[in-house]
Amino acid sequence: MSREAGTLITLGDLHLGSFRKVKSLLLLVFVGLEGPAPRRQLAALLWPRAAKPEGSLRVALHALREHDGSALGGDERLVAGVACDAAALLTLRGEAAWEAYRGPFLHGVNLPDVSGEFEEWVLAQRERLARHVQDEALRVAEGSDPARAAVWAQRARDVAGAPPMEPASLARLLPLTLPGSALETEVRAELADLTAGAPAEARGSGKAPAHRMLGREAELDALLAWAAAPGGGAAVVVGPGGIGKSTLTREVLRELTRLERPVVLVNAEGAQSDADVAVRVAAACAPGRPVPQGFGFLRDVLGAGSVVLLDGLDALDDLSGLLSVVREDLPDVRWVLTGRRVPRGGPDGGLDTGTFLLPLAGLEQPGPEADVTQIAASGAAQLFVREAGRVRRDFTLGAGNAALIAGITRRLVGHPLAIALAASWLRVEDLDAVYARVLHEAGALTAAGGDSDGRRGLNVVAQRSWDLLPPGARAAALRLSVAPDFDPLHAPALGVTPDELDALLTHSFAEAYLPGSERLRLYPALGGLLAGQGEAHPDLMRGAREAHAAHYLGWFTARPPEDPAVDAERENILIACRAALTLGTLKAEHAEHLLAHHDRRGLHGSGTETFAALADDAEDAQAPAQVQAALQVACMWLAFGAGRLLDAQTLAGQFLAGPLAADPASRMKVLNTLSSVRGVQGQIQASVDLLGQALALAVELGDRTRTLYYRLNLLTHLTFLGNSPELRLQLAALEAQLPDLPPMLAWQVRQSALGVRVYLPATDEERGAQLVEAGALLEAGRTLRVQSLEFHGHEFRTQLALHLRRWRQAEGWLAEWRAHIAGSGKVPDETSLTLVDTELHYARGRTPQARRSARLALRASERSGNPWQVLQLLLLSARDLSARDPDGLRRWLLQAAQAPNAHSQQRAQAGALLLELFGLPPQGSADLLDVPALRVWLTGHLAG
């Protein structure tokens, strides 16, 4: 909060700008917090023993108005005219409230000769403001991951000016502390002290004790012991919906965080494939990282000893298959997977003996003969008391109601969600009525087969809880049932008010389920009830789907596809797309935006599956041709990005043979995709032919952006083939577009064009012109602060100096290039620098230094994965290596001179070296160059 001169400061101090007269300011303090007040009341509060209180007030008021004439207005009733930091504090929430709290109300201010009533008012305000900050700190903690929650729990505990915490607040604080911490020990001890003097009955059975896990201590200990074992492994926690699997995983997260074990909790609800799970794991532990196939790309994030909690794997059919993949890719990671079903394949789901299977049943219930103390010790009874306290703050367990509570928990077989729902009925009826209703309805649970896991009890209780919801809350639940989860900020757009959302939380229909996030969801275990109610209200559900689709598609397309905020809403966006297909409102632009999101976020594997399903849905819905085409093009492009070349090729071929290819724009995109596939397959000429067709269509359609980028891609392929005439033609056409391009894009095109020209044969005069262009790129990068332009400017001018045999100049520019890299802290491609360094050392007659640089370049090329760089090292070091292994060098040069997967300029250089060193022309079959074998050979011969 700003503490500018125009604000009355009362937190930790008392002043209005430079004005510090206490009695004058106390007038303003009271009116600012309590509202307009009569002069007589103020005089009595602040000058109770003055001979003429009204006169004293006039003097104080005059002094204040001399400093600020608008601070306190009015005549008989005084009205505050300036802001007060304390009043503003009460409107702030979360971290903002903590930041604004600079200290206790009127801290250190002497209250001279004021009434006892005013002193009590000050103390009450001090506690009120401190409690507000304390509550907001607890709120932040409750929405944070365990480590951050512990920090905010300590802050809540330490709020200056706050009175001692009540048992209810301590019970709220305890689960936010880290296990074994000093704060946990302190809070537990204080709770014990506060209840030590209570009557025996209350000590044994009053408020629910503040345990972390009510009735799941054994399961928690078992999981923690399993997680502590060395090496990787998998634990599978199974049980019906609402039985407490998510609660157990959250507690494992909290305990392992306290032990400083690397642990991550992943919401896997709705994940249907290994690729989808990988995307969610990456989003949780490495946000923004591209997601290739498998899980191996996370090795640097999920090292030995890491624990991954995958909660809610109910939509994944092949759980055993997922376990096989993660064990192979991340063998040292421990995985905890939760779901409602035992994996298929036998009584233990076909799981191998190394998998820890942990079934969850209902909480332990007290027996019919249990006394009050035994009932109070039962996890099921403790849960009922805790949940009842949410709706009736005075609710306790005692001798008069213990049997009723025990009976309710037995009838509901200890099912946690059923117990919580039944406890919420106390908002509208007493405990006897709750017991009678559960007892009556439980008669339906005695059918053959019984109700061993509580699912039938849950269904009965859920229906009654539904009936008790206000009509608005019922409608809100149905509207929200369209979404797998949601940010509360989006709820109004879905037709749900804050009061309706609060009712769903209070009645245990919704939960905050992800530590560190404010996202909410309806309890998944209530999905059956909500689906049945939705069928009974088709118009409401159709409106809910329309509102959901319109909101999320509008929200998504209004921001960049790569915006990290989109990741959290991806499932909602996909649901919106499916609904829009059914409603006939999905547009091709929506599909293209979704493709851009998956492409730019590196979600190629999961995106292929997503768009394949959407394309099938579009065909079933008989969506417009443009929409169907956009979805199919997206599927094949992402398959290409995922390295599934055969799938991309097949999909492209089927498209081109079908009716959707009649649209020139769609055909153009598919031809470009197929060209990319052929390029990776090494069929460069076929790739050029296909890309030429796509380019012609882009020109015909007037698509200037694709014309530009297709031409840039074509240049790369033509350079590879060595088609100089066509290259120069395309370069001229590309450069003709420059005047019409935005400045930044024009510089990027100039960079690409120069990158082609550097590797074309040229005269010294042409090289000189290219050197001028490289300098222009360098200056543009510095001026525009674009590191890639500056980097390539350094690279090109150093290479051109080598082409022109200006060795000293090249050395100076290489040093500047290195300095740029060191200063930027980023290395776009260190291989290019070490290759130039190698070439320069050989040119200057420094063979030992050249070999050292070559070895560095070889290691760097392995990281980049670029085969061109390995072959370039062979060509640069050929004269040196001819003395070490002439036969081996001759074999490699013969391969390189003929290899179809070698660049045209490299083939030409290899042929020239064959003639120079061995007097041989290129000959033999045109086999592919074995780059890995060449790397091994170079590694051995460049040593020393």
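The values are calculated or read from the model by the stated rules, or taken from the named source; none is laboratory data. Keep in mind the model is a prediction, meaning the values are calculated, not measured. Neighbour counts are summed over all protein chains in view; Cβ atoms, including those assigned to glycine, are modelled from backbone coordinates with ideal geometry. The accessibility values were calculated without ligands, DNA or RNA, using every heavy atom of the protein model including side chains. Shrake-Rupley method; radii C 1.70, N 1.55, O 1.52, S 1.80 Å.
Here are some notes:
- Distance between the modelled labels on Asp616 and Arg102, one decimal in nanometres: 6.3 nm (7 Å Cα→Cβ projection).
- Gain in span if fully extended, Val772 to Leu656, counting 0.36 nm per residue against the direct Cα distance: 37.2 nm
- The packing ranking of peptides 78-90, 116-128, highest mean first, is 78-90, 116-128, where packing means the average number of other beta carbon atoms within 10 angstrom of each residue.
- Distance between the modelled labels on Gln374 and Gln272, one decimal in nanometres: 5.1 nm (7 Å Cα→Cβ projection).
- Rounded to the nearest 0.05, the FRET efficiency derived from the C-beta distance between Ser517 and Asp13 at R0 = 41 Å is 0.65.
- For the chain, the 222 nm mean residue ellipticity estimated from helices alone, with every DSSP H stretch of n ≥ 4 adding -39500 (n - 2.57) and the total spread over all residues, rounds to -19500 deg cm²/dmol.
- Tilt relative to the chain, helix 830-843 - C-alpha long axis, 0 to 90 degrees, to 10: 30 degrees
- Charge dipole (Cα centre; +1 on Lys/Arg Cβ, -1 on Asp/Glu Cβ; no other charges) of the chain amounts to roughly 1960 debye.
- Calculated FRET efficiency for the pair Arg148/His62, C-beta based, R₀ 60 Å, to 0.05: 0.75
- Shape call, the chain: gyration tensor on alpha carbons, a/c limit 1.5: prolate
- Candidate aspartates and glutamates - alpha carbon under 12 Å from Lys669, same-chain residues fewer than 8 apart omitted: Glu592, Asp703
- Distance (nanometres) between label positions extended 7 Å along Cα→Cβ at Glu700 and Gln685: 2.5 nm
- In the context of the full set of protein chains, residues of the stretch 663-740 present 44 Å² of accessible surface per residue (probe radius 1.4 Å, heavy atoms only).
- Counting 0.36 nm for each residue step from Asn110 to Asp499 and taking away their Cα separation leaves a gain of 135.7 nm.
- Placed amide H near Asp563: partners under 5 Å, 5+ positions off or other chain: none
- Whether the stretch 663-740 is rounded, prolate or oblate, judged on the alpha carbon gyration tensor where a/c under 1.5 counts as rounded: oblate
- Cα long-axis angle, helix 904-918 against the chain (0 to 90 degrees, to the nearest 10): 50 degrees
- For the stretch 260-408, the dipole from Cβ point charges (+1 on Lys and Arg, -1 on Asp and Glu) about the Cα centre works out to 400 debye, to the nearest 20.
- Counting only alpha carbon atoms, the long axis of helix 146-157 and the longest principal axis of the chain meet at about 30°.
- Rounded to the nearest 20 debye, the dipole magnitude of the stretch 512-576 is 100 debye, with +1 charges on Lys and Arg beta carbons, -1 on Asp and Glu beta carbons, and the Cα centre as origin.
- Cα gyration tensor, the stretch 775-932 - rounded (a/c under 1.5), prolate or oblate: prolate
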